[in-house]
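Working notes, beginning with the structure itself.
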Amino acid sequence: MQARLCLLDYEGVSAAGAKILKKHCNAFLDHVTKQGGNVSIIGFKQKTTLHNAAFLNAMSAHMTELDDGHRAGQIHLGASIISALLPVAEVESLSEESVLRGITVGYEAAIRLAMAINPSHKLRGYHTSGTCGSIGTAVAIASAMKFSREQMKVAVSAAIASASGLLEMQEDGSELKPYNLAHAAVGGITAAYCALAGFKGPDDAIGGERGFLSVMADHPQVQYLTEFENGYLQIEKVYRKLYAACRHAHSAIDAAIILRNRYNINPASISSIRIETYGMAIKGHNHTTVKSIQSAKMSVPFCVAMALTTGSVALRDFVEEKLTDQNIIRLMNLTEMIESPVINSWLPEKRASRVSISSLDKTFSVCVEYPKGEPENPMTEREIIEKNRY
């Protein structure tokens, strides 16, 4: 059931993202699609090569900032794993059952690796969705195609060799953040087919002296790779996003909308906004100068200001006009973000925010511990479908 919901969510997010990709990247699309090929691309009439299809799917899937993820792993999943798995399934004529198995196993591998190396991995500046996403993609394909144990090992090793992705790609109005996941999708495919071709790999690319864990993290938590007595699969802990913004902004957005509706706050009367949250929601996300739509989606102050001004932070709300909306800019500049030791202590179990708004000599405050879309506060199937309207 969870794999089917992940696939449903992914298809809607990718189709919405394809509309954005078409609108802004025509020259790039012409370059990719003119190379020929007969593999389908989500949201496009043209067909292309296997690797290019996976690349474009992943760019579309992550471009909206609506794709799924896992809070403890600090990783997005479907944008790399499913983006590659669907083109491979088309080429290899895989069954729906095989695809769903690949999603489940690929998510499990990517999430467990991400949990083992974070938070130090992210604090070093790596984009976990790119690094662990590449490995999860290779595992998903290997599982869907029923690789042998040795082939699976080689696929993982090859994916580790190409695992990359830097968080710097989201800074300064950059539009290259989705590239990290697109590279992961392509790398996962290449790794899987290297294994299928019969290449041999090292004995332990994950735990070796110069392997993935030692290179990518300060203090790897290997128990996440060996302990399976929880009674559930990690795909059951995946979150889905209601708002088209960085996940670190969602608890603050929820709190802002609750305050706006509960107290009927007039945005023009607001004199200050205080957001108490965890450290990772601040670094790289507290900027009050937005240079692009992508930059706006990464800015917690911008997203909260838009939520208070319009009551909505949907995909359709992120348009160029909002970047210069003086009402949003005013509130954004009134926003202070503060790292809370208490909220920090709740990680990774909760990604919470407390938002306090001063208006007309009164202060209103609310804390959201589980934003909409977390397993503890799930979206309905209808909400998953509706959120992608653009």
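The values are calculated or read from the model by the stated rules, or taken from the named source; none is laboratory data. Treat the numbers as computed from the prediction; the structure is a model and nothing was measured. Because the Cβ atoms are built from the backbone with ideal geometry, glycine has one as well, and the counts that use them run over all protein chains shown. Just so you know, the surface numbers come from the protein's heavy atoms only, side chains and all, with ligands and any DNA or RNA stripped out. Shrake-Rupley method; radii C 1.70, N 1.55, O 1.52, S 1.80 Å.
Taking only Cα atoms and a 10 Å spring cutoff, compute GNM fluctuations for the chain and point out the largest among 160, 329, 75.
Fluctuation is largest for 329.
Simple spin-label model, 7 Å along Cα-to-Cβ: residue 261 to residue 215 in nm?
Between residue 261 and residue 215, the label points sit 4.7 nm apart.
If you take the beta carbon distance between residue 228 and residue 385 as r and set R0 to 35 Å, what does 1/(1 + (r/R0)^6) give as a FRET efficiency, to the nearest 0.05? Could you put the intermediate results ahead of the total?
Numbers: r = 33 Å, r/R0 = 0.94.
FRET efficiency, residue 228 to residue 385: 0.60.
How large is the accessible surface per residue of the chain, computed with a 1.4 Å probe and reported in Å² as a whole number?
On the way: 16350 Å² over 390 residues.
Dividing the accessible area of the chain by its residue count gives 42 Å².
Work out the length of the dipole vector of the chain about its Cα centre, built from +1 on the beta-carbon of each Lys and Arg and -1 on the beta-carbon of each Asp and Glu, and round it to the nearest 20 debye. Intermediate values should be presented prior to the final figure.
Working: 39 positive and 39 negative charges, 131 e Å.
For the chain, the charge dipole is close to 620 debye.
What is the set of long-range amide H partners of residue 373 at a cut-off below 5 Å, with H atoms built 1.01 Å from backbone N?
Excluding prolines and chain starts, which carry no amide H, the hits are 379.
Please give the length that would be gained between residue 120 and residue 268 if that part of the chain were fully extended, namely 0.36 nm times their separation in residues minus their C-alpha to C-alpha distance (nm, one decimal).
Working: separation 148, 0.36 × 148 = 53.28 nm, distance 4.11 nm.
Roughly 49.2 nm would be gained on extension.
Amide H neighbours of residue 272 under 5 Å, counting only residues 5+ apart in sequence or on other chains, H built in-plane at 1.01 Å?
Excluding prolines and chain starts, which carry no amide H, the hits are 358.
Go through segment 119-125 residue by residue and turn each phi into a ³J(HN,Hα) via Karplus (6.51, -1.76, 1.60, θ = phi - 60°); whole Hz please, and just put x for glycine and proline.
x, 4, 4, 5, 5, 6, x
At q = 0.26, 0.33 Å⁻¹, what log₁₀ I(q)/I(0) does segment 309-353 have when each alpha carbon counts as one equal point scatterer in the Debye sum?
-0.90, -1.16
With axes computed from alpha carbons, what is the tilt in degrees of helix 50-63 against the longest principal axis of the chain, rounded to the nearest 10 within 0 to 90?
Approximately 10 degrees, to the nearest ten.
Distance between Cα centroids, segment 330-366 to segment 89-111: provide it in whole Å.
40
Report the semi-axes of the equivalent ellipsoid for segment 178-278 in whole Å, largest first, where each axis is √(5λ) for an eigenvalue λ of the Cα gyration tensor. Mind dumping the intermediate values first?
Values: eigenvalues 377, 66, 46 Å².
Semi-axes (√(5λ), whole Å): 43, 18, 15.
For all pairs of alpha-carbon atoms in the chain, what percent lies in each bin of width 20 Å, listed from the first bin to the last filled one?
Bin by bin from 0 Å, the calculated values are 30, 56, 14, 0.
Which listed residue (41, 72, 380) has the Cα farthest towards the positive end of the charge dipole for the chain, taking +1 on Lys and Arg C-beta and -1 on Asp and Glu C-beta about the Cα centre?
41
What are the extents of the Cα atoms of segment 260-390 along their three principal axes, listed from largest to smallest and rounded to whole Å?
36, 36, 30
Given +1 on the Cβ of Lys and Arg, -1 on the Cβ of Asp and Glu, and no further charges, what dipole in debye does segment 243-345 carry about its Cα centre, rounded to the nearest 20? Could the numbers behind the result be given before it?
Numbers: 10 positive and 8 negative charges, 15 e Å.
Approximately 80 debye in magnitude.
If you stretched the chain out fully between residue 291 and residue 22, how much longer would it get, using 0.36 nm times the residue separation minus the C-alpha to C-alpha distance?
Working: separation 269, 0.36 × 269 = 96.84 nm, distance 2.10 nm.
Here the answer is 94.7 nm.
Would you calculate a helix-derived [θ] at 222 nm for the chain, using -39,500 (n - 2.57) for each DSSP H run of n ≥ 4 and dividing by the full residue count, to the nearest 500? Kindly include the intermediate steps, with their values, before the conclusion.
On the way: 18 runs with 200 residues, N = 390.
After summing the helix terms and dividing by the residues of the chain, the value is -15500 deg cm²/dmol.
Leaving ligands, DNA and RNA out of it, report the carbon-plus-sulfur percent of the accessible area of the chain at a 1.4 Å probe. Could the numbers behind the result be given before it?
Values: 8490 of 16350 Å².
Ligands and nucleic acids excluded, carbon and sulfur reach 52 percent.
Tell me the chymotrypsin sites (Phe, Trp or Tyr not before Pro) within segment 204-277 that lie in a loop according to DSSP and have at most 13 other beta-carbon atoms within 10 Å.
228, 232
Determine the order of 354, 149, 382 by accessible area, beginning with the largest, at a probe radius of 1.4 Å. Write down the numbers at each step before the final one.
Numbers: 354 90, 149 210, 382 140 Å².
Highest to lowest solvent-accessible surface, that is 149, 382, 354.
Using per-residue counts of other Cβ atoms within 10 Å, averaged over each peptide, order 39-49, 303-313 from highest down.
Put in order of decreasing packing, that is 303-313, 39-49.
What Kirkwood hydrodynamic radius do you get for segment 30-137 when you take the inverse of the mean 1/r over all pairs of distinct Cα atoms, in Å? Kindly include the intermediate steps, with their values, before the conclusion.
Numbers: mean 1/r = 0.0694 Å⁻¹.
Answer for segment 30-137: a Kirkwood hydrodynamic radius of 14.4 Å.
Toward the positive end of the charge dipole of the chain, about the Cα centre and with charges on Cβ (Lys, Arg +1; Asp, Glu -1), which of 26, 189, 253 goes farthest?
26
What do you get for GluC sites (Glu not before Pro) in segment 190-268 restricted to DSSP loop and a cutoff of at most 10 other Cβ within 10 Å of the site's Cβ?
Details: sites: 209, 227, 229, 236; in loops: 209, 227, 229.
Answer by residue number: 209, 227, 229.
Using alpha carbons only, how many angstrom separate the centre of segment 235-298 from the centre of segment 1-50?
Distance between centres, Cα-based: 28 Å.
Provide the packing ranking of 96-105, 167-176, i.e. peptides ordered by the mean count of other C-beta atoms within 10 Å per residue, highest first.
On the way: 96-105: 18.8, 167-176: 15.6.
Top of the packing list down: 96-105, 167-176.
Going by alpha carbons, how many degrees (0 to 90, nearest 10) lie between the helix axis of 300-310 and the longest principal axis of the chain?
Value to nearest ten degrees: 60.
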